[in-house]
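Report on one structure; see the data block that follows.
Just so you know, all these numbers are worked out from the coordinates, no wet-lab data involved. Since we're looking at a predicted model, the values are computed, not measured. Backbone-built Cβ (ideal geometry, glycine too); neighbour counts: all protein chains shown.
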Amino acid sequence: MADPRYFQRQGPFRLAELVQKADAELADATTADLPIDDVAPLESAGAGQLGFLDNKAYIDAFADSRAAACVVAAKYADRAPDGMALIVAEQPYRAFALIAQAFYPRSRPPSAVSQAATVDEAAVLGEGCFIEPGAVIGAGAQLGPRCAIGANATVGAGVILGEDCIVGANASLSHCRIGDRVTLYPGVRIGQDGFGFAIDPAGHVKVPQLGLVVIGDDCEIGANTTIDRGSMRDTVIGPGCWIDNLVQIGHNVELGRGCVIAALAGISGSTTVGNFVAVGGQVGMAGHLHIGDGVQIAAQSGIMADVPPGLTLCGTPAVPIKEFFRGVATLRRLTQSKGKGEGKSDGEGT
């Protein structure tokens, strides 16, 4: 059960209500009125609680679970224990997420501006904004309705936020334009100077960074992630992108819509990333590349050349994933063969 000090639970809900929210179906219509109080992991769920199965590695936990109900794919339904009600979904994890949102909707802070915040008289706050102590809103900044600005966050001069944005504690925003329903987690840095300079033995020469950062609607930017503003054009984060913690995005980078970037990845300046690209943790991309739509990049890969649409890559320098694992298998066979050969006797000695 989620800690009530931090999470306010809604419900209970009838199973039929949850099925409707999840865009799924009941395995047995007679369970429609079963009351569900909460969501819980399969191994600890009990009476009145609902779990989910999305990975065959947890089939044993599913078969032994005491959960009242479970979200499951049709192919695993026959492994359910007796008496468990089932919600059958093509995408169980997605269905469970929608159900969990019903129990734990994102809370909206009250409309209030702390007396301990600093709001420039030339800033514009939309209706229903919430500004916590220590926050600073600069001259000419524009906040859309129902924005929430965390403690000690800085929204710099001229920054524009759309509706229902959340800016976490200690974040700093400058030189940026942000869409609706964007969440920026604590410590995010948006719009600082890009890493642009001309190399000179007499002393490197700074190139003015004259662009902005433009973030589309419905994005999430993780804690302590940094997104540099562009040099001569804007850095662009497409709508629906989800970026993890501790990611570095360089100046002039352009992400298409729906990209997912895992923690500790770095994208060098002027690289263009297509739509719905998935980037694993600790991936590094060189600058001035083009990554096609739908590309998937495994963790710790190094991208040093353009990537056509639809490929799945692994390794440094990255190659198609099947090629990578063929190489790993070949190397393993070679090293094992060498080890066996070194162990043979030449017939001399005892």
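Between Ala299 and Gln101, how high is the FRET efficiency from 1/(1 + (r/R0)^6) when r is the Cβ-Cβ distance and R₀ = 35 Å? Nearest 0.05. Don't skip to the end; give the middle numbers.
Details: r = 28 Å, r/R0 = 0.80.
For R0 = 35 Å, the calculated efficiency reads 0.80.
According to a simple spin-label model (label point 7 Å from Cα along Cα-to-Cβ), what is the distance in nm between Thr335 and Lys75?
3.3 nm
Evaluate the relative contact order of region 71-129 (contact order divided by residue number), counting alpha-carbon pairs under 8 angstrom at least 6 apart; express in whole percent.
Reported relative contact order: 28 percent.
If you filter region 10-66 for GluC sites (Glu not before Pro), then keep DSSP loop positions with at most 14 other Cβ within 10 Å, what is left?
On the way: sites: Glu17, Glu25, Glu43; in loops: Glu43.
Loop-located and lightly packed - Glu43.
Show that you can apply the helix-only estimate: for the chain, add -39,500 (n - 2.57) for every DSSP H stretch of four or more residues, divide by all residues, and state [θ] at 222 nm to the nearest 500.
-4500 deg cm²/dmol
Quick one: order Ile243, Ile321, Ile303 by neighbouring beta-carbon count within 10 Å, fewest to most.
Least to most surrounded, the residues fall as Ile321, Ile303, Ile243.
I'd like the Karplus ³J(HN,Hα) series for region 245-254: coefficients 6.51, -1.76, 1.60, θ = phi - 60°, whole numbers in Hz, and an x wherever there's a Gly or Pro.
5, 6, 9, 10, 10, x, 5, 6, 5, 10
Using amide H atoms built in the peptide plane, which far-off residues or other-chain residues are under 5 Å from Val273 H to H?
For Val273, the qualifying residues are Glu254, Leu255, Gly256, Ile291.
When the Karplus curve 6.51 cos²θ - 1.76 cosθ + 1.60 is applied with θ = phi - 60°, which whole-Hz ³J(HN,Hα) does each residue of region 151-159 get, with x for Gly and Pro?
4, 6, 6, 10, 10, x, 4, x, 5
Once you put a point 7 Å from the Cα of Ser114 and another 7 Å from the Cα of Asp28, both along the Cβ direction, what distance in nm separates them?
Here the answer is 5.2 nm between the modelled labels.
Under 5 Å between amide H atoms, partner at least 5 residues away or on a different chain: which partners does Val319 have, H built in plane at 1.01 Å?
Amide H neighbours of Val319: Cys314.
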